[in-house]
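The values are calculated or read from the model by the stated rules, or taken from the named source; none is laboratory data. Here the structure is a predicted model, which is why all the values come from computation and not from measurement. A quick note on method: Cβ atoms are made from the backbone with ideal geometry, for glycine too, and the neighbour counts reach across all protein chains shown. Areas reflect the complete protein model, heavy atoms only, side chains present, ligands, DNA and RNA absent. Shrake-Rupley method; radii C 1.70, N 1.55, O 1.52, S 1.80 Å.
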Amino acid sequence: SFPPQVGRVTASGTPQGTRTPRLGHGRVRCAASHQQWTVRNTQFSSFTFLATLPSIDSPPRIMPKTAREPSVAEVKFAIEPSAKRTKDKIDTPGKDGGEKHPLKSIQRGNSVLDLCVYKGDFDHAKLDPSQTGLLKSLEYRINFSHREKKISPWHDIPYRASPDTFHMMCEIPKWTRAKFEIATKEPGNPIKQDTKKGVLREYKHGDMLFNYGFMPQTWEDPCHVSEDTGFKGDDDPLDMVEIGCRQMRCGQVCEVKVLGVLAMIDDDETDWKVFCIRTDDPLAPQINDVEDIDKELPGLINTMREWFREYKVAEGKPLNKFALGEKCMDREYTEKVIEETHGFWKAAEARLRSHE
């Protein structure tokens, strides 16, 4: 029962985005007195109850309707007048049947590193990222130099950090959702924010639960069909899923131990997801293989698998699938995948050099 006051009352905790009246109940507040009551079996919308209470002498103060704030994933950043709507040059087999390879479009200078063999000459502390363009604009890029010489983070950083560890570059820090990625078709391979129809992309599914990036000097060859998955490669470096407790920075390189790998199938392409942990993470001494993840962080693998399975549904796409019985394979298998994809990259690099 309500006191004899007139006006509309607004609901708290009603479903967001529901504009049609429904029959339900919840906590309500009177616009005049701001007192709250429990209402049951009252017709309401998500913004304002449709019931009118008995009148009193003084007119009520009507509370304004407030629209739901858009989530971060729904925000579309304004495109500046100077923004260039340039599409990435995609090198695929031409209609004339001539071979085109993505590495051939990359302009590179003299590398300061040995491109294929670990020699310990790379120091990630000497990696110098430089930003151009405004953040959240189409022109924003992160370029890289090492010991004051420009490098490609994909081609010039050794994939191995030591005989037992590897390098990873972070593209999307954990607890964020802006879809930054390495520009594999641009000279120097800077990091940029991905776009779709001229709009900067963010994951609508939600924030990343992990540090996401790639392993340098690896390539999932789109001309190779994996015997284990039955699908061709996705034409990108290996994806890295870092499960440590610290948030990395976009463009940061770290030394990692690889632990396991999921064989995700995305748009009929093999898209390996390599699980790893930073060597300086507090849990690194305890986690050395996929079975250690279940011991130290129970539930993590299943949670990550479901995140990758479902994240495109919010964009209107179907669920992703997994090969190998959806199993996260062990470290030994993972290192075989790494060496195979490094071999694909090495062969492509050799073909590129032969044309220089």
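Please report, as a whole percent, how much of the solvent-accessible surface of the range 232-353 comes from carbon and sulfur atoms (probe radius 1.4 Å). Walk me through the intermediate numbers first.
Working: 2410 of 5120 Å².
Its accessible area is 47 percent carbon and sulfur atoms.
Test of understanding: what is the full-extension gain from LYS232 to ASP267, defined as 0.36 nm times their sequence separation minus their Cα-Cα distance?
Working: separation 35, 0.36 × 35 = 12.60 nm, distance 1.03 nm.
Once the chain is fully extended between LYS232 and ASP267, it gains 11.6 nm.
Quick one: Karplus J couplings for the range 208-216, per residue in order, coefficients 6.51, -1.76, 1.60, θ = phi - 60°, nearest Hz, x for Gly and Pro?
Karplus-based 3J(HN,Hα) across the range 208-216 equals 5, 8, 7, 7, 10, x, 9, 9, x Hz.
When the solvent-accessible surface of protein heavy atoms is calculated with a 1.4 angstrom probe, in what order do LEU209, LEU283 fall, highest first? Please report the intermediate quantities before stating the final value.
Working: LEU209 80, LEU283 55 Å².
These residues rank, largest area first, as LEU209, LEU283.
Over the range 151-222, what percent of the accessible surface lies on carbon and sulfur atoms, probe 1.4 Å?
Working: 990 of 1970 Å².
On the range 151-222, the fraction of accessible area on carbon and sulfur atoms equals 50 percent.
Explain nothing, just the number: dipole magnitude of the range 287-356 about its Cα centre with +1 on each Lys and Arg Cβ and -1 on each Asp and Glu Cβ, in debye rounded to the nearest 20.
Numbers: 12 positive and 16 negative charges, 94 e Å.
About 460 debye.
By how many nm would the segment from ASP121 to TRP307 lengthen if fully extended, with 0.36 nm per residue of separation less the alpha-carbon distance?
On the way: separation 186, 0.36 × 186 = 66.96 nm, distance 3.68 nm.
Taking 0.36 nm per residue and subtracting the Cα distance, the gain is 63.3 nm.
Provide Rg over Rh for the range 155-237; use the alpha carbon set for both Rg and the Kirkwood Rh (inverse mean inverse pair distance). The partial results should precede the final answer.
Numbers: Rg = 14.6 Å, Rh = 14.6 Å.
Ratio of gyration radius to Kirkwood radius: 1.00.
What spacing in nm lies between the two simple spin-label points modelled at LEU134 and CYS223, each 7 Å away from Cα in the Cβ direction?
Label at LEU134, label at CYS223, 4.3 nm between them.
For LEU297, what is the net charge nearby, where nearby means another residue's Cβ is under 12 Å from its Cβ and Lys, Arg count +1, Asp, Glu -1? Present the calculation step by step, with values, prior to reporting the outcome.
Numbers: positive: LYS295; negative: ASP281, GLU291, ASP292, ASP294, GLU296.
Value of the local net charge: -4.
Pop out the ³J(HN,Hα) list for the range 129-140 in order, Karplus 6.51 cos²θ - 1.76 cosθ + 1.60 with θ = phi - 60°, rounded to Hz; leave Gly and Pro as x.
For the range 129-140, the Karplus-derived couplings read x, 10, 9, 10, x, 8, 4, 6, 10, 5, 8, 5 Hz, x marking Gly and Pro.
What whole-number value in Å² describes the accessible area per residue of the range 215-301 for a 1.4 Å probe?
On the way: 3230 Å² over 87 residues.
Normalised by residue count, the accessible surface of the range 215-301 is 37 Å².
For the range 298-307, in order, what is each residue's ³J(HN,Hα) by Karplus, 6.51 cos²θ - 1.76 cosθ + 1.60 with θ = phi - 60°, in whole Hz (x at glycine and Pro)?
Result, ordered by residue: x, x, 5, 4, 4, 5, 5, 4, 5, 4 Hz.
Going by Cα centres, the range 141-176 and the range 301-333 are how many Å apart?
25
At 0.36 nm per residue, and after removing the present C-alpha to C-alpha distance, how many nm does the segment from LEU283 to GLU339 gain when stretched out fully?
Values: separation 56, 0.36 × 56 = 20.16 nm, distance 2.56 nm.
Contour length minus Cα-Cα distance gives 17.6 nm.
Which links in LYS192/LYS336; LYS192/LYS273; LYS150/LYS179; LYS204/LYS317; LYS257/LYS312; LYS273/LYS327 stretch past 18 Å when you go from one Cα to the other?
Details: LYS192/LYS336 30 Å; LYS192/LYS273 21 Å; LYS150/LYS179 24 Å; LYS204/LYS317 12 Å; LYS257/LYS312 28 Å; LYS273/LYS327 12 Å.
Those over the limit are LYS192/LYS336; LYS192/LYS273; LYS150/LYS179; LYS257/LYS312.
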